[in-house]
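Have a look at this one.
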Amino acid sequence: MALSEHYSEEDLHPIDIVEHIAEHHDWSFDRIADDQIAMAVEGQWKTYSVTLAWSAYDETLRLVCSFEMEPPKDKLPQLYEALNAVNDQCWAGAFTYWDKQQLMIYRYGLVLSGGQVASPDQIDMMINAAIVSSERFYPAFQLVVWGDRKVDDALQVAIAEAYGRA
């Protein structure tokens, strides 16, 4: 059954929809504010921290999926090269590394201008895409930073292996 079949035609707040999706998947979550929710989603490689926030000002549902990564300082140039190569393969969302917090971040913003409403299935797919992308490229980041692999070789591993779903 599609997630959208659980909702009536009335407009729901996007974060209310995210909360229902988290309950549906049995993810632990915390409703930080009316416009923000944080969840923990267990993957094959990591437990991912997923935060979604609604900005009424610019009518955007923002998603941030993060996981810890502590590369040695001398490996940052290789990590940034890997980030560029990975982002060339991500059509929805992009990765960045927050050095100060030692977090790998996947970000995506769904613009809903003009009063558009995101469907539960659309939001669920948005979250799923973040987890699948993180799972897919986590090994490549690790191989570049800790395995001294060239970026192209590390990406071949990420592309070749099939991972489960979120």
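The values are calculated or read from the model by the stated rules, or taken from the named source; none is laboratory data. In this text, all values refer to a predicted model and were calculated from it rather than measured experimentally. Methodologically, a virtual Cβ is constructed for each residue, glycine included, from the backbone with ideal geometry; neighbour enumeration extends over all protein chains shown. Side chains are part of the model used for accessible areas, which takes the heavy atoms of the whole protein and leaves out ligands, DNA and RNA. Shrake-Rupley method; radii C 1.70, N 1.55, O 1.52, S 1.80 Å.
Name every residue in region 94-115 that is in contact with a Leu (Cβ under 9 Å, 6 or more places away or on another chain), closer than 20 Å to Ala56 by Cα and not hydrophobic (A, V, I, L, M, F, W, C), in order of residue number.
Selection gives Arg107, Tyr108, Gly109.
Among (1) touching an Asp or Glu at 6+ places or on another chain (Cβ under 8 Å); (2) modelled with pLDDT of 95 or more, which single condition is Ala56 missing?
Checking Ala56 against (1) touching an Asp or Glu at 6+ places or on another chain (Cβ under 8 Å); (2) modelled with pLDDT of 95 or more, the one that fails is (2).
Out of region 7-49, which residues are within 27 Å of Tyr97 (Cα to Cα), in contact (Cβ under 8 Å) with a residue 24 or more places away in the chain and open to solvent by 70 Å² or more (accessible area, probe 1.4 Å)?
Of everything in region 7-49, those that are within 27 Å of Tyr97 (Cα to Cα), in contact (Cβ under 8 Å) with a residue 24 or more places away in the chain and open to solvent by 70 Å² or more (accessible area, probe 1.4 Å) turn out to be Gln44, Trp45.
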